[in-house]
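For reference, the structure is listed below as structure tokens.
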Amino acid sequence: MAKIERIRETVEGLPDSPYLSKMAEAGWKLVAIEWQRAIESQVPPAGKLVEEVPFGLRVSEDCFHLEENPAELRVLTLMMEEIIRDRPLSEVAAALNEAGFRTRHGEPWGPIQVFNMLPRLIEVGPRIFSTADWEARRSQIYRAV
């Protein structure tokens with residue numbers, strides 16, 4: 001197996017055609033371009049912790065606590081049902097979209113978004129499984145399977 005040599009060059013402007021041709025003639029192959037730009041800092045003030053509210057929860061009216069978000073809990077419950085039915089993540093996403101659910105950003109669900117929710121499902125699963133509503137749903141799921 002051939003050894004691969006890599007170099008990284010810092011550039012001030014856009015590379016021109018003669019430079020790219022010279023590198024190609026020397027045996028180099030262009031494999032990536034990295035771009036960067038300056039943006040306004042989004043760093044929170046010192047001492048302020050900023051993190052996203054877990055899916056299925058929302059900030060309560062008193063702004064000191066988290067409370068259940070009923071709409072997002074319905075998403076998690078349907079997601080859990082479809083996964084228990086051993087459906088592929090693409091079908092789980094399709095079921096969520098057919099039910100009219102959207103992500104927090106208003107986008108349709110896709111398999112990647114469902115996959116990214118798996119850790120949250122593990123966290124919230126025991127709470128979902130202990131509800132009376134889940135008992136009724138579980139019997140329907142097992143009858144359908």
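Taken together, the values in this text are just the output of simple stated rules run on the coordinates, not laboratory data. Remember, it's a predicted structure, so these values are computed and weren't measured experimentally. A quick note on method: Cβ atoms are made from the backbone with ideal geometry, for glycine too, and the neighbour counts reach across all protein chains shown.
Quick one: in region 57-144, what % of C-alpha pairs are over 17 Å apart?
50
Quote the charge dipole size of the chain about the Cα centre in Debye, to the nearest 20; the model charges only the Cβ of Lys and Arg (+1) and of Asp and Glu (-1).
Value, rounded to 20: 440 debye.
Based on DSSP loop calls and a cut-off of at most 11 other Cβ atoms within 10 Å, the longest stretch of the chain free of exposed GluC sites (Glu not before Pro) is what?
On the way: sites that count: Glu5, Glu9, Glu12, Glu34, Glu40, Glu51, Glu52, Glu61.
In the chain, the maximal stretch lacking such sites is 62-145.
If each residue of separation counts as 0.36 nm, what is the full-extension length gain between Tyr19 and Ala71 once their alpha-carbon separation is subtracted?
Using 0.36 nm per residue and subtracting the Cα-Cα distance, I get 13.1 nm.
Run lengths n ≥ 4 of DSSP H only: what is the helix-derived mean residue ellipticity at 222 nm for the chain, with -39500 (n - 2.57) per run over all residues, to the nearest 500?
-14500 deg cm²/dmol
Within 10 Å of each candidate Cβ there may be at most 10 other Cβ atoms; applying that plus a DSSP loop requirement, which trypsin sites (Lys or Arg not before Pro) in region 1-86 survive?
Filter output for region 1-86: Lys3, Arg6, Arg8, Lys29, Arg37, Lys48.
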